[in-house]
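The values are calculated or read from the model by the stated rules, or taken from the named source; none is laboratory data. It should be emphasised that the depicted structure is a prediction, and the values quoted were computed from it without experimental measurement. Heads up, the Cβs are rebuilt from the backbone with ideal geometry, glycines too, and the neighbour counts pull from every protein chain shown.
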Amino acid sequence: MQLIENLEAIKQPFSKAVITIGNFDGVHIGHQALFSEVIQKADSIGGSSMAMTFEPHPARFLKKENFPPLITLYEQKVELISRTGLDALVVVPFNEAFASLSPQEFVEDILIKRLGVKVLIVGPDYCFGKGREGNVEYLQQIAEPLDFELMVVPWIGQAGPDGERISSTRIRELVQDGKIEEAKRLLGRDYQVRGMVVKGRNRGGKLLGFPTANIHLTDELCPKTGVYAVTMQVDDVVYPAVANIGYSPTFDDYIFTVEVHALDFSGDLYDKKIKVNFIARLRGEIKFPNLDALIEQIREDIKIAREIIPV
């Protein structure tokens, strides 16, 4: 997949570009189905399959504060989209100049002149341009005069008995509630966080007998406090593991930490970047009466995790 992070770097329009546009936070199965539509349409006309997204997230730029945590930060979002089979991903820097573009300027100057759009595929509530003045109705009016096809696709990937739409908002809620198995169903993969291993409080190995990697998260969205069966990925090697998210109530220090105990790993992880994939939530945080009770519960957590983790 070609990654384009600067519109000025595009010297000539793409051939028969089939484009979809969105924030794609989470790159969930609804997004993936939309990309499949783009790829199929591009194949049918001999064109280029493309997605356009924005960095930073428009809500982050426009609201400045009180914005929700992102499910996937930029690096992971690009990685996930690159696996879908699209020919190109265009990342537009969302700044004051771009936010001030009128719908007409966006369509004519960027989609047509710069990218060479032949087919534009959007959802039924797509809005764009300054003040979100552009919408599907506007696109329907200008598509034929400007010689491109507009495809308005229904929301792809309904889930649940009530036909609930798959959305980044719903996935965010599920992760924050610790319902990571439900989140996986909507993401199409295990929820993942990334971070750097930093010095902890030296309790896991020395005091409890279960050495842990203390993670300084780079991700914004953290699952609910508790103990999880996870996998830990280090240098492209995956290990079964147990993660504890929370405030260590047994020790009464109430410092928030994310700690991972890899079940089949030995070595130094300090200053390494790792990825943690959440498989299942085993239990909530518990304040134990003594260390022996805590150690016994950790042993039980590990036993259950080994039965669950598919590695």
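Here are the numbers for this structure:
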item: Among (1) part of a loop (DSSP other than H, G, I, E, B); (2) in contact (Cβ under 8 Å) with a residue 40 or more places away in the chain; (3) among the polar types (S, T, N, Q), the one test that S266 misses; result: (2)
item: Check on D292, free of Cβ contacts under 8 Å to residues at least 24 places away in the same chain, in a loop (DSSP other than H, G, I, E, B) and assigned by TED's automatic domain parsing to the domain that holds M232; result: no
item: Hits in segment 38-54 - residues which are part of a helix (DSSP H, G or I), surrounded by 17 or more Cβ atoms within 10 Å (Cβ to Cβ) and either touching a Lys or Arg at 6+ places or on another chain (Cβ under 8 Å) or of a type in the set (D, E) (or both); result: A42
item: Residue check, Y228 crowded, with 17+ Cβ neighbours inside 10 Å, over 26 Å from P69 (Cα atoms) and under 22 Å from the mean Cα position of the chain (by Cα); result: no
item: Selection within segment 58-96 - among the β-branched types (V, I, T) and over 22 Å from R189 (Cβ atoms); result: V90, V92
item: Per-region count, segment 57-71, residues under 21 Å from F98 (Cβ atoms) and either part of a helix (DSSP H, G or I) or not hydrophobic (A, V, I, L, M, F, W, C) (or both); result: 9
